[in-house]
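Note sheet for the following structure.
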Amino acid sequence: MNQFDLTGKVALVTGASYGIGYAIACGLAKAGAIIVFNDINQDLVSKGIAAYEAEGIKAHGYVADVTNEDQINAVVAQIAAEVGEIDILVNNAGIIKRIPMHEMSAAEFRQVIDIDLNGPFICAKAVIPSMMKRGSGKIINICSMMSELGRETVSAYAAAKGGLKMLTKNIASEYGEFNIQCNGLGPGYIATPQTAPLRETQADGSRHPFDQFIIAKTPAARWGNAEDLVGPAVFLASPASDFVNGHVLYVDGGILAYIGKQPK
Ligand code: NAP
Ligand code: GCO
């Protein structure tokens, strides 16, 4: 038996019109899964469907805001009717706001927590009852280096991603007996639109200071790309990980293990 075969499994990847979610969804599809995704507006969903089609993937796209429980519950019911019950949930949708904490408004802090932590709670809560009935399910929460480390200007994001790590452990604890595995996937620094501001070439043509910093902090001496996350995601979505639960799998090129290269 191919432990990495996802044939016939319905996978919902949130916020997957592009970026990490899109790459993970493509990888799950190539392992046999039926791909369902949501994004925040029809324009993004339509662009996403076209992008999947270009990859030869017939994805099902729905407009839903992960912070809106009514929308998510309605879409999960619609997916069950139109596609099938969700076997795999990847809580990918997320934002970041890079603002010094003493300058960040409570509303800005709350918005990041709402999307990056309340959203995964709402989506997991929507799919767990049917997973319990079927006696199986996979939930993968997209965590972060900031699930373990802090840095300037990302207080809300780190609080959300740290909370998401603990939500992952709690779902694993509460629903493991129903053969539901909930694990985290912790990307390192990945070249996507979300991190584009950290990689902008400077006016003098030099690399962004943060870009240089990440290269020095990563044993692999490179930024990750979204495709680096596909194999680990397929593993966590497949029978190969049926006895892995409450774990955060960091895919970071070694950042968390490394003190960083001594400046020349
Ligand atoms: P991205 O390029 O900004 O994509 C995020 C996706 O989520 C977008 O499609 C976005 O749609 C969608 N989204 C945002 N708010 C939403 C909401 N309320 N409801 C539904 N969809 C929503 O980000 P990414 O780099 O691919 O990151 C994806 C995930 O990986 C995030 O959870 C992020 O925190 C995490 N992560 C990223 C990195 C990295 O280095 N890039 C590293 C570790 C973890 P809009 O375009 O409308 O906003
Ligand atoms: C930042 C980055 C990071 C990455 C990622 C690292 O500003 O520090 O955006 O937060 O997005 O979460 O794992």
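The values are calculated or read from the model by the stated rules, or taken from the named source; none is laboratory data. Predicted model, so just to flag it, every value in this text is computed and none were measured. For neighbour counting, all protein chains shown are included, and Cβ atoms are generated from backbone atoms with ideal geometry for every residue, glycine included. Accessible surface areas use protein heavy atoms only, side chains included; no ligands, DNA or RNA. Shrake-Rupley method; radii C 1.70, N 1.55, O 1.52, S 1.80 Å.
The figures follow:
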read-out	value
Given (1) within 11 Å of ligand 2 (Cβ to nearest atom); (2) in a strand (DSSP E or B), index of the condition Asn183 fails	(1)
Failed item in (1) over 17 Å from Asp39 (Cα atoms); (2) of a type in the set (Val, Ile, Thr); (3) assigned to a helix (DSSP H, G or I); (4) within 13 Å of ligand 1 (Cβ to nearest atom), with Ile122 passing the rest	(1)
The range 195-215 residues that are closer than 17 Å to Ile259 by Cα, paired with ones that are open to solvent by 50 Å² or more (accessible area, probe 1.4 Å) and away from ligand 1 (no atom under 15 Å from the Cβ) (beta carbon under 6 Å, 6 or more apart)	Ile215/Ala221
Residue list for the range 139-174, restricted to those being among the hydroxyl-bearing types (Ser, Thr, Tyr), within 9 Å of ligand 2 (Cβ to nearest atom) and touching a strand residue (DSSP E or B) at 6+ places or on another chain (Cβ under 7 Å)	Ser144, Ser147
Counted residues, the range 237-264 - those being in a helix (DSSP H, G or I) and either open to solvent by less than 40 Å² (accessible area, probe 1.4 Å) or closer than 24 Å to Phe4 by Cβ (or both)	5
Test: Glu200 is open to solvent by 40 Å² or more (accessible area, probe 1.4 Å), among the acidic types (Asp, Glu), within 16 Å of ligand 1 (Cβ to nearest atom) and part of a loop (DSSP other than H, G, I, E, B)	yes
Residue in the range 128-138 that is within 16 Å of ligand 1 (Cβ to nearest atom) and either free of Cβ contacts under 8 Å to residues at least 60 places away in the same chain or buried (at least 24 other Cβ atoms within 10 Å of the Cβ) (or both) present	no
Of all residues in the range 172-184 being among the small types (Gly, Ala, Ser) and more than 15 Å from ligand 1 (Cβ to nearest atom), the one that is most open to solvent (accessible area, probe 1.4 Å)	Ser173
The range 216-236: number of residues that are closer than 30 Å to Leu28 by Cβ and outside any loop (DSSP other than H, G, I, E, B)	13
When residues of the range 18-43 are limited to those that are open to solvent by less than 10 Å² (accessible area, probe 1.4 Å) and free of Cβ contacts under 8 Å to residues at least 60 places away in the same chain, the one farthest from Ser241 (Cα to Cα)	Asn38
Selection count, the range 149-171, where residues are closer than 18 Å to Leu229 by Cα and surrounded by fewer than 23 Cβ atoms within 10 Å (Cβ to Cβ)	1
Selection count where residues are aromatic (Phe, Trp, Tyr) and surrounded by fewer than 18 Cβ atoms within 10 Å (Cβ to Cβ), scope the range 44-55	0
Filter result for Val234 (open to solvent by less than 30 Å² (accessible area, probe 1.4 Å), closer than 30 Å to Glu177 by Cα, at pLDDT 95 or above and touching a Lys or Arg at 6+ places or on another chain (Cβ under 7 Å))	no
Yes/no for Glu152 being more than 14 Å from ligand 1 (Cβ to nearest atom) and touching a residue at least 24 places away in the same chain (Cβ under 8 Å)	yes
